Amino acid sequence: MSPRTPGADLPEHPDALWRSPEPKRSYDVVIVGGGGHGLATAHYLAKNHGITNVAVLEKGWLAGGNMARNTTIIRSNYLWDESSAIYEHALKLWEGLEEDLGYPILFSQRGVLNLAHTLQDVRDSVRRVEANKLNGVDAEWVEPDEVRKICPVVNTSSDIRYPVLGATYQPRAGIAKHDYVAWGFARRADEAGIDLVQDCEVTGFTTDGNRVTGVQTTRGTIGAGTVALCAAGHTSVLTDVLGIRVPIQSHPLQALVSELLEPVHPTVVMSNAVHVYVSQAHKGELVMGAGVDSYNGYGQRGAFHIIERQMAAAVELFPVFARAHLLRTWAGIVDVSPDASPIVGRTPYDNVYLNCGWGTGGFKATPGIGSALAHTIAHDEPHPFVAPFALDRFVTGALVDEHGAAAVAH
Amino acid sequence: MQLIACPWCGPREEVEFSYGGQAHVPYPDSPAELSDEEWAHYVFFRDNPKGRFAERWNHSAGCRRWFNAIRDTTTYRFERVYRLDDPKRGGTELASSRKEGTAP
């Protein structure tokens with residue numbers, strides 16, 4: 001009997017969700033960065049504005065950067081009007097995204113608890129709840145016994161180092177399957193005729209006065225009517241070439257998953273004081289994250305003591321997880337701005353738009369910024385949702401300080 | 001865990017240190033004459049290179065003294081540490097001075 005050919009009885013490769021085209025010589029709009037924001041922007045350019053002569057240039061593979069590395073938390077309970085406006089806009093789009101994309105994204109509105117552990121936490125949290133209500137964002141303050149009802153595995157006993165004094169609760173918050181989100185956007189953009197070009201790193205720009213006329217890439221020079229930079233942690237690499245200074249610092253942000261567990265954690269829990277955020281993915285692994293590694297870094301990895309601290313915080317809050325095994329850790333490169341708010345809008349170049357500074361919170365904004373940036377590009381005018389986040393706020397002083405004020409875990 | 005060579009204490013574990021961002025950002029010579037834009041750049045804007053970066057570090061759980069380091073933000077490798085009263089060293093000099101004060 002002759003040996004069987006290895007793989008001969010495997011099924012055919014499934015149909016590709018998008019083409020892998022050669023880049024054309026020029027496009028009306030070139031989006032640099034094929035992550036969530038870039039793909040969403042492409043989708044809404046086609047869907048809302050009929051602009052389809054668009055390329056999304058990705059130096060690696062689609063959605064292989066932070067879009068593949070985040071902890072998938074979606075919420076809109078930010079303190080300031082400017083922030084809650086863009087994130088609530090995003091959340092409303094999330095709520096209709098499966099239908100819009102015609103693709104399952106496992107969007108699960110399981111709610112988020114932001115725990116308060118100190119009197120100051122409590123005051124800040126209640127203030128944020130009231131601000132959220134004024135902005136039409138669903139939010140409530142819940143006492144420890146209600147925390148226990150919403151998420152029974154949280155340790156609400158009073159004998160721990162930082163007892164849970166209550167929490168803010170946003171029921172409409174939740175999680176989604178990050179890869180599916182990217183694939184859904186990519187498929188729709190591709191169907192509309194937009195070219196998604198992978199293995200295409202932007203290395204420079206051709207300029208004519210105050211305009212950028214094209215982008216130089218590892219696959220040749222591509223002409224561009226308008227350029228949108230959606231490169232997250234690598235934005236500075238691009239803006240340095242353009243001679244634009246942007247006040248962001250790139251840091252590794254680590255996340256981790258446990259082995260698969262039975263469904264035990266019904267919501268999303270975030271804690272700033274003990275600093276960890278935990279949800280349970282559909283498949284069953286616990287997904288955790290916390291703060292950035294302190295130093296600037298582009299290495300897509302971080303230091304293990306940061307993981308140790310996250311785990312310590314997680315076990316303090318969830319003693320039931322003490323024997324869960326850590327399965328994987330990884331890091332993405334996040335672009336942190338001085339006020340922990342994004343930087344979106346015009347640049348010194350007439351036809352170059354910036355979208356960066358989302359730091360550790362960019363995933364939840366994906367459809368919101370995609371639609372607002374597409375509007376900004378189509379109308380050559382910053383959409384009201386992104387106008388407050390212009391680069392010039394660091395000169396005018398009109399910061400949107402979500403760092404200290406909202407005490408949100410970024 | 002990465003070892004960082006404090007110029008005073010020698011190699012110590014990374015957890016003993018805290019990060020101070022870009023080094024060699026001097027206070028403006030004539031602060032009263034600065035425009036809003038110049039102030040913005042002094043207060044908020046820092047270099048963010050992918051590669052070699054001159055940074056401030058503090059041995060916060062050790063001797064508590066500040067020092068500077070040349071570190072690669074891609075590999076996270078410390079190429080050199082030097083005291084605050086040393087002038088900034090250029091690229092070629094960096095490459096040839098890796099022995100002194102280099103973390104193992």
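Only the coordinates and a few stated rules stand behind these numbers; no lab work does. Keep in mind that this is a model prediction, so the values were computed, not measured. Cβ atoms come from the backbone with ideal geometry, glycine included; neighbour counts cover every protein chain shown.
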Sequence-distant lysines (8 or more away, or on other chains) whose Cα lies within less than 17 Å of A:K24: A:K59
Gaussian network model of chain A, springs between alpha carbon atoms under 10 Å - residue of A:D392, A:D121, A:D15 with greatest fluctuation: A:D15
Fluctuation leader among A:P14, A:P163, A:P384 - chain A, Gaussian network, Cα springs under 10 angstrom: A:P14
Phi-based couplings in Hz for the range A:315-324 (Karplus 6.51, -1.76, 1.60; Gly and Pro marked x): 6, 4, 7, 10, x, 5, 8, 4, 9, 5
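So for the protein assembly as shown: antiparallel DSSP bridges make up what percent, rounded to the nearest 5? Before the final figure, lay out the partial values.
Working: 65 of 85 bridges.
Antiparallel bridges: around 75 percent, rounded to the nearest 5.
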Listed pairs A:K133/A:K177; A:K47/A:K283; A:K177/B:K50; A:K47/A:K92; A:K92/A:K133 exceeding 24 Å between Cα atoms: A:K133/A:K177; A:K47/A:K283; A:K177/B:K50
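How would you rank A:176-186, A:91-101, highest first, on the average number of other Cβ atoms within 10 Å across their residues? Mind showing how you got there, number by number?
Working: A:176-186: 23.1, A:91-101: 17.4.
Averaged packing, sorted descending, gives the order A:176-186, A:91-101.
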Pairwise centroid distance, computed over Cα atoms, of the range A:276-351 with the range A:67-133, Å: 17
Packing rank of B:12-18, A:364-370, where each peptide gets the mean count of other beta carbons within 10 Å, highest leading: A:364-370, B:12-18
Other protein chain Cβ atoms within 10 Å, averaged over every residue that makes up A:293-303: 6
Average beta carbon contacts from partner chains per residue of A:242-250, 10 Å cutoff: 3
Ascending count of other beta-carbon atoms within 10 Å, so fewest first, for A:H13, B:H59: A:H13, B:H59
Cut-off under 5 Å, modelled amide H: who pairs with B:R65 long-range: B:H59
Per-peptide average of other Cβ atoms within 10 Å, ordering B:32-41, A:110-119 highest first: A:110-119, B:32-41
Shielding by partners, peptide B:73-81 (average Cβ within 10 angstrom, other chains): 3
Choice from A:I160, A:I377, A:I175 with maximal GNM fluctuation in chain A (Cα, 10 Å cutoff): A:I160
Rg/Rh ratio calculated on Cα atoms of the protein assembly as shown (Kirkwood radius): 0.98
Hz values of 3J(HN,Hα) by residue in the range A:104-114 - Karplus curve (6.51, -1.76, 1.60), Gly and Pro given as x: x, 10, 6, 6, 10, 7, 9, x, 10, 9, 9
In order through the range B:43-48: 3J(HN,Hα) via Karplus (6.51 cos²θ - 1.76 cosθ + 1.60), integer Hz, x for Gly, Pro: 7, 10, 9, 10, 5, 9
